[in-house]
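The values are calculated or read from the model by the stated rules, or taken from the named source; none is laboratory data. Keep in mind the model is a prediction, meaning the values are calculated, not measured. Counting neighbours? That spans all protein chains shown, and the Cβs are built from the backbone with ideal geometry, glycine included. For the accessible areas, the whole protein counts, side chains as well, though only heavy atoms, and no ligand, DNA or RNA atoms are used. Shrake-Rupley method; radii C 1.70, N 1.55, O 1.52, S 1.80 Å.
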Amino acid sequence: MSLAKGNLINKTFEAYAESNEIGSAWLSGIGALKDPEIGYYSLKKKSYNHKIFSGDYELLSLCGNITIKEGKYFSHTHITFSDTNYQVFGGHLFDAKITAAGEFIMIPGNKNINRKMNLNIGLPLWCLENRF
Amino acid sequence: MSLAKGNLINKTFEAYAESNEIGSAWLSGIGALKDPEIGYYSLKKKSYNHKIFSGDYELLSLCGNITIKEGKYFSHTHITFSDTNYQVFGGHLFDAKITAAGEFIMIPGNKNINRKMNLNIGLPLWCLENRF
Amino acid sequence: MSLAKGNLINKTFEAYAESNEIGSAWLSGIGALKDPEIGYYSLKKKSYNHKIFSGDYELLSLCGNITIKEGKYFSHTHITFSDTNYQVFGGHLFDAKITAAGEFIMIPGNKNINRKMNLNIGLPLWCLENRF
């Protein structure tokens, strides 16, 4: 998949999955992005901390998946990205806009994967018959 | 594959590969983990340096493979992970425990890959007929 | 794919793709490398900034693809790599030499992907009928 300048990464994956009824897929990719909003999950608080990194960055790795959460197609992705000193930052990706280029692969699964809230963790986790 | 809180990452891959007789596979994934033991290889010393990073981290990328080493299923994985400042660390993963969630894909190969000690390098490398 | 000590990463991918007429593929991998030449793209200047990191590093993630640019097989890859303090650096990979080991997967696509210069971006981007 090729994403163009200005595309929101996770939103574009979700729109594509919805259009093509892809109820589970693995995602991987590279490119360049701006102003990523990322976070990390606190098990204690059962919520995400957020931060927006202003500016342009190289997207070194996006890794994640498409599943179905509360009936909607949902991107869960983590990223690493680098600044002009080649230092690397990263976290859970809320979303970010593509700048120069976005090159991704989406590998569809052979069945839908639904997420269901796990109250112990505080997050909607994959529902798999035997976890594998 | 979905790993649950407390699962050791590499150990779980190896147990799954053994149960399902998967003699080669590619691994990719994200999640959250604690106390990762990582390392880097010194070609001079022909051994790994080790370090345990205490605490909770987002797992930004796990990348690696399952092969067979000395008759046993063996995970070789490298990871990047971030702290609460979104700083990123990484290395060769000895092992780490999943905390909030672990979402992985295992892509099986069509034949077993065995590792054999390369004395020049000091590591068990893939045995492939023509390396590709 | 197993790359050996001294192999140039991107060059080896391109040679393999050419020999096997693989006109599009997804790449992922780990290993150890030396003296990587990396860069980041400046949309303003429409060119890459370059830097060589001297020394030995663990390759934590290589992510990218093979496509065809001006009739030639072309690797576009981004990497993250760590030093002896487990600090992580990364960027667009011009090329680097494998040291201890290089373990990669190349997932071929079912048709060629050509790149074409996008004058607005200043880079040769994928030509896909509908971008997906």
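Miscellaneous remarks
- Residue within region C:38-60 that is of a type in the set (Val, Ile, Thr), out of contact with any Gly (no Cβ under 7 Å at 6 or more places or on another chain) and under 26 Å from A:Trp26 (Cβ atoms) present: no
- Subset of region B:13-26 (residues that are within 9 Å of another protein chain (Cβ to nearest Cβ) and under 11 Å from the mean Cα position of the chain (by Cα)): B:Trp26
- Enumeration of residues in region C:12-32 that are outside any helix (DSSP H, G or I) and among the hydrophobic types (A, V, I, L, M, F, W, C): C:Ile22, C:Ala25, C:Trp26, C:Leu27, C:Ile30, C:Ala32
- Residue count for region B:47-56, restricted to those that are facing another protein chain (nearest Cβ under 8 Å) and aromatic (Phe, Trp, Tyr): 1
- Residues in region B:80-97 that are assigned to a loop (DSSP other than H, G, I, E, B), open to solvent by less than 40 Å² (accessible area, probe 1.4 Å) and on the phi < 0 side of the Ramachandran plot: B:Asp83 alone.
- Within region C:29-46, the only residue that satisfies the criterion of being of a type outside the set (D, E, K, R) and away from every other protein chain (no Cβ under 11 Å) is C:Leu33.
- Subset of region B:108-131 (residues that are farther than 27 Å from B:Met1 by Cβ and within 11 Å of chain C (Cβ to nearest Cβ)): B:Asn118, B:Asn120, B:Ile121, B:Gly122, B:Glu129, B:Asn130, B:Arg131
- Only a single criterion out of (1) assigned to a loop (DSSP other than H, G, I, E, B); (2) open to solvent by 50 Å² or more (accessible area, probe 1.4 Å); (3) farther than 26 Å from C:Trp126 by Cα is not satisfied by A:Met117, namely (1).
- Residue among B:Thr67, B:Thr77 that is assigned to a strand (DSSP E or B), away from chain A (no Cβ under 11 Å), among the hydroxyl-bearing types (Ser, Thr, Tyr) and closer than 28 Å to A:Lys116 by Cβ: B:Thr77
- Residue match in region A:98-106 (condition: open to solvent by 10 Å² or more (accessible area, probe 1.4 Å) and within 10 Å of chain B (Cβ to nearest Cβ)): no
- Among the residues listed as A:Leu8, A:Leu93, the single one being within 11 Å of the chain's Cα centre (by Cα), within 14 Å of chain B (Cβ to nearest Cβ) and touching a residue at least 12 places away in the same chain (Cβ under 8 Å): A:Leu93
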